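K.L.:
Right, I'll just put the structure down here and ask away after.
What follows is calculated from the coordinates using simple rules that are stated; it is not laboratory data. Owing to the predicted nature of the structure, the values given are computational and were not obtained by experimental measurement. In this analysis, Cβ positions are derived from the backbone assuming ideal geometry, glycine residues included, and neighbour counts consider all displayed protein chains.
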Amino acid sequence: MSELRSSFKKTAAKHNAYKVAAAAKQAQAPQGPSAFSRISKDVIKMQMLLLSMQLELLEDLEPMNDEEKLQALFDVLDKDGDGSLSAVELADGLRKIRGDVDFEQSIALAMERVAEFDKDGDGKFQLSEFKEYVDTLCEALGTNFHELSEMLIISVVFNDVGNDSVEDFTASLLDEDITVAIQEEEKLRKFMDDERMVVLFHLFDSDMSGSVSFQEVVMGIYKITEDLDGAAATAVAALLLFDDDGSQTLDYAQFTKFILQLIAAADTPYNEAIFSLTEAAARDDPETLTMEELNKRLSSM
């Protein structure tokens, strides 16, 4: 660890410790005038120490290059010091930097970002993955890390907005489950990126609406199985299990989950199954059934 980085980490740790101590001192209820005076003096001393620490942090930042500042930002976000950023750690930082998201929103946002930029599938950010995320963020804002670096670091270290003690405790309880959920989301995204899955979705989405209706699921499964009763039952199950937004349709992500469940139930290797499903769905149905005729049959079942 470089001398600059080590100095910055120590100063940031001291600053956070003083901030906690100052908050605790300020929360004390004075018992009488003399106690009020003593507590007030202690609070002022703590505030002066905080200002001193903040000045020291700013001085530590000045000689750093962009690479060192990125590492410094990563380090102050990495609360447990394990060398990686969990979504929980990133979420607290996002609250401090943005200031316009609550606890639940910050967790959801952090999960999306980690799932998008995590390359090794561990459900966390390593430094290189974090750099790609930060660079993408800066590009979207029309700037670069060199211009934003000190503002980002100062916001994370100095800003009082962020998780309170209850939220930190809640986050610690959810941390492992959140990481597992991100890993599952990353797996889903890989299947969604498969061109064969995209083709299969378009084959089911006959009206090209961008979602698959109950009737379209029935028609697609009927082409594959030639069993209308079974296709209807499968479509009912698909919407019950995967239509989590109540739209009575399956969007692409929901459709992908549905197809993955079909493949898992068939106990067939994915590459073999997705090819067979796509090939079967591309065929004309056994009776050249129109959607109107399908609806009539379904209504009579």
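K.L.:
How large is ³J(HN,Hα) for each residue in the stretch 226-242, as worked out from phi by the Karplus curve 6.51 cos²θ - 1.76 cosθ + 1.60 (θ = phi - 60°), to whole Hz, x for Gly and Pro?
P.N.:
Result, ordered by residue: 6, 10, 5, 4, x, 5, 5, 5, 5, 5, 4, 4, 4, 6, 5, 7, 10 Hz.
K.L.:
Return the distance in nm (one decimal) between the two label points of a simple spin-label model at Asp244 and Met208, each offset 7 Å from Cα along Cα→Cβ.
P.N.:
The modelled label-to-label distance comes out at 3.0 nm.
K.L.:
Give me the one-decimal nm value for the distance between modelled label points at Leu137 and Ser52, 7 Å along each residue's Cα-to-Cβ direction.
P.N.:
Reported label-point gap for Leu137 and Ser52 is 3.2 nm.
K.L.:
Is the shape of the stretch 60-190 rounded, prolate or oblate, going by the alpha carbon gyration tensor and its root eigenvalues a ≥ b ≥ c, with a/c under 1.5 for rounded and a/b larger than b/c for prolate?
P.N.:
It comes out oblate by the Cα gyration axes.
K.L.:
In sequence order, what are the phi-derived ³J(HN,Hα) couplings for the stretch 198-210 according to the Karplus relation 6.51 cos²θ - 1.76 cosθ + 1.60 with θ = phi - 60°, rounded to whole Hz, with x for glycine and proline?
P.N.:
Values, residue by residue: 4, 4, 4, 4, 5, 5, 6, 7, 5, 8, 6, 7, x Hz.
K.L.:
Round to the nearest 0.05 the FRET efficiency obtained for Asp177 and Lys119 when R0 = 30 Å and r is the Cβ-Cβ distance.
P.N.:
The computed FRET efficiency comes out at 0.85.
K.L.:
Quick one: compute a quarter of the convex hull surface over the Cα atoms of the stretch 52-128 and quote it in nm².
P.N.:
Mean projected area of the Cα convex hull: 5.9 nm².
K.L.:
Now a separate question. Would you mind calculating the gained length between Asn271 and Glu62 on full extension (0.36 nm times residue separation, minus the Cα-Cα distance), in nm to one decimal? Please list the in-between numbers first.
P.N.:
Working: separation 209, 0.36 × 209 = 75.24 nm, distance 5.37 nm.
Between Asn271 and Glu62, full extension yields an extra 69.9 nm.
K.L.:
Using a simple spin-label model with points 7 Å from Cα along the Cα→Cβ vector, what separation in nm is obtained for Ile154 and Met192?
P.N.:
Once both label points are built, they end up 3.7 nm from each other.
K.L.:
Could I ask something else about it? In whole Hz, what ³J(HN,Hα) sequence does the stretch 51-57 give by Karplus (6.51, -1.76, 1.60; θ = phi - 60°), x for Gly and Pro?
P.N.:
Values per residue, Gly and Pro as x: 4, 5, 5, 4, 5, 5, 5 Hz.
K.L.:
Just in the stretch 128-203: which GluC sites (Glu not before Pro) are loop by DSSP and have at most 10 other Cβ atoms within 10 Å?
P.N.:
Taking the stretch 128-203 and a limit of 10 other Cβ atoms within 10 Å, no loop GluC sites (Glu not before Pro) are found.
K.L.:
Okay, moving on. Mind sorting Ile44, Ile154 by how few other Cβ atoms lie within 10 Å of their own Cβ, fewest first?
P.N.:
Ile44, Ile154
K.L.:
Pairs of lysine in the stretch 64-177 with Cα under 19 Å and at least 8 positions apart or on different chains: total?
P.N.:
Count of close lysine pairs: 8.
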